[in-house]
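Each remark here refers to the structure printed beneath this line.
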Amino acid sequence: MHVFTSTEGQDAAAHEQVVFCQDQQTGLKAIIGIYSTALGPALGGTRFYPYASEEDALRDVLDLSRGMAYKNALAGLDHGGGKAVIWGDPQRVKTEPLLRAYGRFVQSLGGRYYTACDVGTYVADMDVVARETRYVTGRSREHGGAGDSSILTAFGVFQGMRAAAEHTWGSPTLAGRRVGVAGLGKVGKVLVRHLLDDGAKVVATDVNESAVAFVRQTHPQVDIVPDTTTLITSDIDVYAPCALGGALDDDTVPILRAKVVAGGANNQLAHPGIEKLLADRGVLYAPDYVVNAGGVIQVADEIEGFNFERAKLRASRIYETTRDILRLADTDGVPPAVAADHLAERRMAEVGRLRSIYLG
Ligand SMILES: NC(=O)c1ccc[n+]([C@@H]2O[C@H](COP(=O)([O-])OP(=O)(O)OC[C@H]3O[C@@H](n4cnc5c(N)ncnc54)[C@H](O)[C@@H]3O)[C@@H](O)[C@H]2O)c1
């Protein structure tokens with residue numbers, strides 16, 4: 001079944017469909033993973049990345065597509081979970097023909113999978129993909145798209161953080177709290193603005209000098225620290241990971257000073273068991289895929305004909321969803337990450353089951 005090289009040993013058993021796509025002329029090598037369509041067509045972005053091996057690309061698409069099923073379920077969307085990876089260095093191999101070849105493979109799935117932007121793909125790329133398929137979101141506003149999804153991602157993270165603040169300190173505001181933001185990219189810099197508007201003090205870091213320079217210029221009141229270790233060991237109430245995955249691991253959790261973790265990054269828990277380590281240390285973790293769903297809410301809205309206010313209203317409900325999950329976690333005596341998984345699985349099962357009712 002695999003066209004690139006052997007991938008024996010990979011477990012795709014839980015996924016509905018995994019499609020390998022190849023076009024030798026353009027150099028396209030893509031894998032589309034559909035974890036579940038129980039709630040509707042799968043929705044998730046396309047990651048364009050120079051994986052070391054086909055195994056790495058396959059592992060990533062399997063993990064990411066599964067994660068999207070959970071994220072979309074708790075975001076209240078009528079979408080299942082899917083994701084795609086294009087294996088290659090986008091700086092070197094991304095071309096119009098390659099993106100269009102990819103678009104044709106997306107189209108060939110007949111709407112079982114809708115794509116969007118992810119690491120290595122941008123709004124302009126989705127406009128190109130859209131020339132071959134109608135099953136694409138994250139296009140530019142000029143092409144009827146929702147544009148940059150990080151606007152509502154940051155807004156949603158802020159809503160989830162408010163719920164975590166209420167759960168911890170009794171009031172849904174960050175006013176007077178010190179929040180540490182690691183990563184001042186598309187999501188992090190917008191989150192900083194929401195936090196300052198709410199009356200929080202912000203301390204931040206980024207490895208990229210231009211990202212730091214932008215925040216220094218726009219928000220001179222933000223304290224910049226040299227690195228993430230300095231950030232998480234400083235006197236902060238909330239830690240907001242907004243850079244890459246794996247921010248919470250066996251080294252970072254023991255030295256965290258924050259009482260709350262809520263941030264935009266995907267896959268913050270480095271491995272299973274970290275959620276328990278956080279709970280044992282008395283750190284409240286607002287599950288990443290719950291609080292960072294604003295972006296997928298934004299692009300899902302595009303399928304109906306994008307309306308920013310409608311999408312924003314839906315993203316604002318991340319506050320209630322996070323609050324309910326934190327309460328459920330307390331009631332059930334489990335970490336919030338476990339409570340979130342249970343709720344997502346319940347919605348997929350209960351709403352997904354309705355499709356078994358025969359429509360004449
Ligand atoms: N953009 C979205 O709509 C969206 C939606 C959901 C989740 N996410 C996730 O949020 C995170 C941020 O996304 P983004 O769109 O802002 O990406 P981005 O690339 O614009 O920003 C990431 C920033 O993190 C910085 N960074 C990288 N390594 C770092 C380190 N070790 N310490 C400090 N800073 C570091 C980078 O320099 C960059 O400025 C990612 O994990 C992404 O998967 C984004």
For the subset of segment 74-121 comprising residues that are surrounded by 21 or more Cβ atoms within 10 Å (Cβ to Cβ) and of a type in the set (Val, Ile, Thr), which member is nearest to the ligand (Cβ to nearest atom)? THR121
Kindly evaluate VAL291 against the criterion of being surrounded by 23 or more Cβ atoms within 10 Å (Cβ to Cβ), β-branched (Val, Ile, Thr), over 14 Å from GLY183 (Cα atoms) and in contact with a helix residue (DSSP H, G or I) (Cβ under 9 Å, 6 or more places away or on another chain). yes
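Is it the case, given these coordinates, that ARG281 is closer than 18 Å to HIS167 by Cβ, of a type in the set (Lys, Arg) and away from the ligand (no atom under 11 Å from the Cβ)?
Numbers: closer than 18 Å to HIS167 by Cβ: yes; of a type in the set (Lys, Arg): yes; away from the ligand (no atom under 11 Å from the Cβ): yes.
So ARG281 passes the test.
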Got at least one residue in segment 158-177 being among the basic types (Lys, Arg) and within 16 Å of the chain's Cα centre (by Cα)? no
Hits in segment 327-346 (condition: touching a residue at least 12 places away in the same chain (Cβ under 8 Å), in a helix (DSSP H, G or I) and over 19 Å from the mean Cα position of the chain (by Cα)): ARG327, LEU328
Among (1) in a strand (DSSP E or B); (2) in contact with a His (Cβ under 9 Å, 6 or more places away or on another chain), the one test that ALA300 misses: (1)
Looking at (1) assigned to a loop (DSSP other than H, G, I, E, B); (2) free of Cβ contacts under 8 Å to residues at least 60 places away in the same chain; (3) of a type outside the set (S, T, N, Q), which one does PHE306 not meet, given that it meets all the others? (2)
Look at segment 160-195 and say how many of its residues are surrounded by fewer than 18 Cβ atoms within 10 Å (Cβ to Cβ), away from the ligand (no atom under 16 Å from the Cβ), under 23 Å from LEU313 (Cβ atoms) and not hydroxyl-bearing (Ser, Thr, Tyr). 2
Among the residues of segment 246-253, is any part of a helix (DSSP H, G or I), among the hydroxyl-bearing types (Ser, Thr, Tyr) and either within 15 Å of the ligand (Cβ to nearest atom) or under 27 Å from GLY45 (Cα atoms) (or both)? no
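In segment 206-217, is there at least one residue being farther than 30 Å from MET126 by Cα, touching a helix residue (DSSP H, G or I) at 6+ places or on another chain (Cβ under 7 Å), more than 13 Å from the ligand (Cβ to nearest atom) and modelled with pLDDT of 95 or more? Steps first, answer last, please.
Looking only at segment 206-217, we keep the residues that are farther than 30 Å from MET126 by Cα, and these are 216-217.
So of that shortlist, the ones also touching a helix residue (DSSP H, G or I) at 6+ places or on another chain (Cβ under 7 Å) come out as none.
No, segment 206-217 has no match at all.
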Could you please give the count of residues in segment 244-264 that are within 19 Å of the chain's Cα centre (by Cα) and surrounded by fewer than 22 Cβ atoms within 10 Å (Cβ to Cβ)? 4
Considering residues that are away from the ligand (no atom under 12 Å from the Cβ) and either in contact with a helix residue (DSSP H, G or I) (Cβ under 6 Å, 6 or more places away or on another chain) or without any contact (Cβ under 8 Å) to a residue 12 or more places away in the chain (or both), the number found within segment 143-159 is 4
Examine segment 116-126 for a residue that is over 17 Å from the mean Cα position of the chain (by Cα) and part of a strand (DSSP E or B), and state whether such a residue exists. no
Restricting the search to segment 143-170, which residues are in a loop (DSSP other than H, G, I, E, B) and among the polar types (S, T, N, Q)? SER149
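The values are calculated or read from the model by the stated rules, or taken from the named source; none is laboratory data. Because the structure is predicted, anything quoted here is derived from the model rather than measured. Quick reminder, even Gly has a Cβ in these numbers, built from the backbone with ideal geometry, and neighbours come from all protein chains shown.
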